[in-house]
Amino acid sequence: MTETSRPGVSRRSTLALMGAGAMTFATPWVARAQAKTIKIGMPTILSGRVAQLGTSSRNGVMIEVDKINAAGGLAGRQIEMVIRDSKGAPQEAARVARELVNTDGCELLLDAEASSGAFAVHEVARDLGVFCIHTNSETSSLTADPKQHIPNAFRTARQGVHDSIVGGGYAAAIAKVKGLKKWATCSPDYAYGRDTTGEFVYYLKQFAPDVEIVSDAWPKLFQPDYTEVVTKILQAKPQALYSALWGGDLTSYIDQANIYALFSQMEVFAVNMADYTALTVVKNLPKGIHSGNRYIKTYPATAENAAWGDAYKAKYSEYPTNWSWENATAVMLIAEASRKANSADGKKLADAMRGLTIKSPFGADGTVTMRAEDQTLIGYAIGWGTTIPNEPYVPEVKSGDWKQILALEAEWKKTKGYT
Amino acid sequence: MTELQAERARERTIESSAVPRIETRSKRLRYIDVLIAVAAFALLAALPFLFSSKALIDFVIRCAAFGLFATSLNLLVGYTGMISFGHGMFFGLGAYGFGLIMQRTGVPIPVAFIGTLLITTLVAAVIGAICVRLKEIYFAFVTLAFQMLIHSTILSWTSLTGGDQGLRGGIPRPVFLGIDLSNQMHLYIASCTLLVSGLLLMRQIAQSPFGYTLRMIRDNASRASFIGIDVWRAKLTIFVLAALFASTGGIIMSLFVSGAYPEFAYWTISGEGIFINMLGGVTTFLGPMVGTVLLLILNDTVTRLTEYYGIVLGIVILFFAIGLRKGLMDFMVEWCEQRRDGAKERA
Amino acid sequence: MDIDALTGCLASSACLVTQTTSGFIIGMLLFLVAVGLTLIFGVLKVVNFSHGAFYMFGAYFAMTAYQVTGSFALAMFCGASGTAILGLVFERVFMSRVYGGDVLMQLLVCYAFVLIFDDVVRLVWGPEFRSMGMPSAFQVPPLFIAGGVVPPYYLLLIGVALAVAAILGVGLARTKIGKVIRAAAHNPGMVSALGINTGLIYGGVFALGGMLAGLAGALAAPVRSLTPGMGFSVLIESFIVTVIGGMGSILGALIGALLIGMIRSYGSLGFPLFTDGLMYLFMVIVLVARPTGLFGKEVA
């Protein structure tokens, strides 16, 4: 029987493979002719329930790449983005990342995957030694854990622990003023939800020691029906609620909590509320939800930030998301690093990036810094305020103090055994 | 009925059950299988020297992982008629078992490999003992339920499995017998070895008397038990054997991504196994292998061109399910037979 | 694991009432979504794996109709009728071709359409999640019934669910058309020999099943965010409910849904991080003890 399935045995497949082989041999010549462009690979999620992560990451990248190319490119080389969908599966993310580097000739990687995909791409970066920036994963251990540390990987996403320090401080102040002693939490049951909530509670209790958690609920990610979660919280009669729910889940939860009149019975602190995706979608947004900023064009209240937000909206007909600014920052850092190193080579970029500070519309003081010690972003605008159902959505934001954040973060690392 | 008549009736029953070419496996045929396997391995080993494409190496490694998984599923679906919706649980079990053993203990890779297979045997035996007595669609439901339960446990048991983040930090790959699996070429050769030997073993199982027992069970389980076959035992045996090969596929995947993720134990893996079998065809032994290559090529090409992978995959599935109504290998085998019959008629 | 919370609740009558009420609400919502699936299996012996996609379309049609017209009733009508038509077309053009074949082919056809439909929704409505919003008529405080808290909107949903159960249960058992449908399920050859168009019956039943899924989606839209792929989690839930209750049995789906509702409600107290696992464990136990489900009949 003819073995038509084994590669290389049937004539047709041999010819096809020889053709492919010929093309692979020819690529160096073709590549030399195109040495003017530099390819940057970007694995991300463009389909499924979290597709908005990928589309807004892509937008954030392209709006900056277009500016750089217009100004001459990276050390004279025009950027060509190769963006590919991993459908949210970590083994696909690993495969796509490898393919981008090995087959498509990408010299740099912008990893716009969510957390588990980011860990998978991190292993690829470790194996291949390719320059990689994680732009969306907020899991602190990705850079805090020394076992994960590799010299060629960076992160420009915000960190859960930073959000929790600022949130805990803000909430503690309000708790003291309004006498909120009994708290409940309701967060999605996965690493981000558990870690962020745990850290928030830790810092809340640090700043307001007589706070007590009377109930906790852990719905599954993308769970459609929150009835048992809402009633469990209501039963415990807390005075305040913390939630790390985000996106569509947060919207569903607000809708369902509304019909139980939950918002009239307790103060709600939802760290992911102040994001345009949620703010513009929720139809009956209750007033007075406390939230951390994700991306708000009025915070920082600078002209640069507002201009960036408006330009993004004009180009893509939707507001930027948290993912948008994190990805834009990665590109901005690469641009500055290549200027400093006068090269677009991955290793030189990595050396230039460590400790680099750049001007940024998203910086707390107008700048952000890529910390050299663990190669993650610090100095970005981070603050909390209360939301209203219409523009500007978060009229007043109380900023976090980066000196305090850094000090507490250092302590946190010690307790986790990361130093 | 006399003893003799009963025996004659039994022989006729065995002959008339729809099994093709029931000659006992002669040494010559087994020899040919081994020869084909060696030739295939030699070709695979030579590939990287003919074409210096890293993507091809990655592609073949993934084909090895999914090919073993899909072919093992076919042992259940095509040869025994047991439609399992939860076979992916063993793929995930293999990945996590191997990953955990390597990360937590310092044993050499072959020891971890054997250890993972032992764990899989145990789990498959327990689950199989509960499941295989159910028939048809209920077997499918309960295997799916078990897979969901295992997936849920992997997600909840964060201290052991890392929860939704999976096993992080990479899988240590200490050198053994001069083989360094962190070197892509060594991993490639190891995967090809596992693939070829796995397929060879599964082929022997399929073509052995046990394999024909399975076909008999597929065609008419009550008739099979009437002639004295312990159907439950046979089904349990093949369930465990199939689990072992699926587990090996999972081990290869965990080495490829240097980790293990809950997605490896999710129903989507079982679903992909079923598509691959449908794409390639369940009536030939190499059908699932063809299906694996097809699906992976389709996946890689389409994700390179568009982000609307769903529409393309959906149309391809419809083409095979409604248009061809059979897998590619089935179609080709039938087409060849038609031509052969046509030639015979004309002759 | 928090067994103390669970036992503490079982000891307190106030907690018992609240948890049971919420379990009842969850169960009725689950039944509303799952009943279409069990109907199609009961009559056509087909597992409609694209059930979640009909739910999704019902929600999206309803949301768009509500945005355009501002009428809740019209939105519900659009959601239900849109998916009824979709179900009819889907069954006549595609599903009818794979009835004879084995379950894998049916699974593949349904799954192919789930993939296609998800991407179509993404193309037409965009990948970002959307919200329909609660009509002002229902923006009222919750009611207190027998010590339990019940939002008025859920009262509507429970009412619809009970009505569906009653109509289907009585309709299939007592009315003439119900008997024809059951006969066509049992022996299609005979029924068509009597001059009845079985194709029409099959199409009608599938349309009805699709409509029920779409209606559930439309009714859920004011309280749940809409996103492509939202049908998937609903499919899994419906699947668990119908398998536990018995594929093909309306009463089984009702009982199964209420059981799952109670497990979720009490489970979130005692096992907050393993509530899903509890459901699957329960499903395994039922399948092992009674493969056809609590009220199911053996498939011929």
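Within the option set B:G291, B:G310, being closer than 29 Å to B:L214 by Cα, surrounded by 12 or more Cβ atoms within 10 Å (Cβ to Cβ) and either within 11 Å of another protein chain (Cβ to nearest Cβ) or touching a residue at least 40 places away in the same chain (Cβ under 8 Å) (or both) holds for one residue only, B:G291.
Quick check on this structure: which one of B:G162, B:G170 is within 13 Å of chain A (Cβ to nearest Cβ), without any contact (Cβ under 8 Å) to a residue 12 or more places away in the chain, in contact with a Lys or Arg (Cβ under 8 Å, 6 or more places away or on another chain) and not hydrophobic (A, V, I, L, M, F, W, C)? Steps first, please.
Working: B:G170 fails: without any contact (Cβ under 8 Å) to a residue 12 or more places away in the chain.
Criteria check complete, one pass: B:G162.
Close Cβ contacts (under 6 Å, 6 or more residues apart or on different chains) running from residues in the stretch B:142-155 that are free of Cβ contacts under 8 Å to residues at least 60 places away in the same chain and more than 8 Å from every other protein chain (Cβ to nearest Cβ) to residues that are acidic (D, E) and surrounded by fewer than 24 Cβ atoms within 10 Å (Cβ to Cβ) are absent.
Before we move on, is A:A306 away from chain C (no Cβ under 14 Å), in contact with a helix residue (DSSP H, G or I) (Cβ under 6 Å, 6 or more places away or on another chain) and not in a strand (DSSP E or B)? Quick ask: steps written out before the conclusion?
Working: away from chain C (no Cβ under 14 Å): yes; in contact with a helix residue (DSSP H, G or I) (Cβ under 6 Å, 6 or more places away or on another chain): no; not in a strand (DSSP E or B): yes.
Taking the combined requirement at face value, the residue does not satisfy it.
Condition check ((1) at pLDDT below 95; (2) within 30 Å of A:Q375 (Cα to Cα); (3) within 14 Å of chain B (Cβ to nearest Cβ)) across all residues:
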site	(1), (2), (3)
A:G167	yes, yes, no
A:D189	yes, yes, yes
A:Q206	yes, yes, no
A:P224	yes, no, no
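Could you look through the stretch B:264-283, keep only residues that are buried (at least 24 other Cβ atoms within 10 Å of the Cβ) and within 11 Å of chain A (Cβ to nearest Cβ), and pick out the one that is farthest from the chain's Cα centre (by Cα)? Per the stated criteria, the residue is B:F264.
Starting from residues that are of a type outside the set (V, I, T) and closer than 13 Å to A:G385 by Cβ, keep the ones in the stretch A:276-291 and report whichever is nearest to the other protein chains (Cβ to nearest Cβ).
The first filter runs over the stretch A:276-291 and keeps only residues of a type outside the set (V, I, T), leaving A:276, A:278-279, A:283-288, A:290-291.
So of that shortlist, the ones also closer than 13 Å to A:G385 by Cβ come out as A:279, A:287-288, A:290-291.
Numbers: A:L279: 11, A:K287: 14, A:G288: 17, A:H290: 21, A:S291: 17 Å.
Here the residue is A:L279.
Among the residues of the stretch B:75-82, at least one is part of a loop (DSSP other than H, G, I, E, B), more than 11 Å from every other protein chain (Cβ to nearest Cβ) and either in contact with a helix residue (DSSP H, G or I) (Cβ under 8 Å, 6 or more places away or on another chain) or at pLDDT below 90 (or both).
When you check B:V19 against the structure, is it in contact with a helix residue (DSSP H, G or I) (Cβ under 9 Å, 6 or more places away or on another chain), at pLDDT 70 or above and β-branched (V, I, T), yes or no?
Against the criterion (in contact with a helix residue (DSSP H, G or I) (Cβ under 9 Å, 6 or more places away or on another chain), at pLDDT 70 or above and β-branched (V, I, T)), B:V19 does not qualify.
Of all the numbered requirements in (1) part of a helix (DSSP H, G or I); (2) at the interface with chain A (Cβ under 9 Å from one of its Cβ atoms); (3) under 18 Å from A:T251 (Cβ atoms), C:M132 misses one, and that requirement is (1).
Checked across the stretch A:240-250, the condition of being more than 20 Å from A:V166 (Cα to Cα), in a helix (DSSP H, G or I) and more than 8 Å from chain C (Cβ to nearest Cβ) holds for at least one residue. Residue-level check: of (1) more than 8 Å from chain B (Cβ to nearest Cβ); (2) touching a strand residue (DSSP E or B) at 6+ places or on another chain (Cβ under 6 Å), A:V96 misses just (1).
Quick one: in the stretch B:313-347, which of the residues that are loosely packed, with under 13 Cβ neighbours inside 10 Å and of a type in the set (G, A, S) is nearest to C:Q106 (Cα to Cα)? Per the criteria, the residue is B:G323.
Can you tell me which residue in the stretch A:313-340 is nearest to A:V130 (Cα to Cα), limited to those that are free of Cβ contacts under 8 Å to residues at least 40 places away in the same chain and of a type outside the set (D, E)? Filtering the stretch A:313-340 for residues that are free of Cβ contacts under 8 Å to residues at least 40 places away in the same chain and of a type outside the set (D, E), the one nearest to A:V130 (Cα to Cα) comes out as A:A337.
So which of C:R97, C:R182, C:R92, C:R122 is charged (D, E, K, R) and over 20 Å from C:H51 (Cα atoms)? Before you say what the answer is, go through the steps one by one.
Details: C:R97 fails: over 20 Å from C:H51 (Cα atoms); C:R92 fails: over 20 Å from C:H51 (Cα atoms); C:R122 fails: over 20 Å from C:H51 (Cα atoms).
So the residue among C:R97, C:R182, C:R92, C:R122 that is charged (D, E, K, R) and over 20 Å from C:H51 (Cα atoms) is C:R182.
Looking only at residues in the stretch C:220-252 that are surrounded by 24 or more Cβ atoms within 10 Å (Cβ to Cβ), among the hydroxyl-bearing types (S, T, Y) and more than 10 Å from chain A (Cβ to nearest Cβ), the one that is nearest to the chain's Cα centre (by Cα) is C:S238. Mind checking whether some residue in the stretch C:70-79 is under 30 Å from C:D102 (Cβ atoms), touching a residue at least 60 places away in the same chain (Cβ under 8 Å), part of a helix (DSSP H, G or I) and within 14 Å of chain A (Cβ to nearest Cβ)? Checked the stretch C:70-79: no residue is under 30 Å from C:D102 (Cβ atoms), touching a residue at least 60 places away in the same chain (Cβ under 8 Å), part of a helix (DSSP H, G or I) and within 14 Å of chain A (Cβ to nearest Cβ).
Against the test of being touching a residue at least 60 places away in the same chain (Cβ under 8 Å) and closer than 30 Å to C:S192 by Cα, the options C:A257, C:A253, C:A220, C:A216 yield a single qualifying residue, C:A253. Figure legend. Inter-residue proximity from the stretch C:272-289: first residues more than 7 Å from chain B (Cβ to nearest Cβ), second residues hydroxyl-bearing (S, T, Y), beta-carbon distance below 8 Å, spacing 6+ or different chains. Indicated pairs: C:T275/C:S268. Could you tell me whether B:I57 is away from every other protein chain (no Cβ under 13 Å), farther than 30 Å from B:S222 by Cβ and crowded, with 19+ Cβ neighbours inside 10 Å? No; evaluated as a whole, the condition is false for this residue.
The values are calculated or read from the model by the stated rules, or taken from the named source; none is laboratory data. For clarity, every value in this text was computed on a predicted model and none was experimentally measured. Methodologically, a virtual Cβ is constructed for each residue, glycine included, from the backbone with ideal geometry; neighbour enumeration extends over all protein chains shown.
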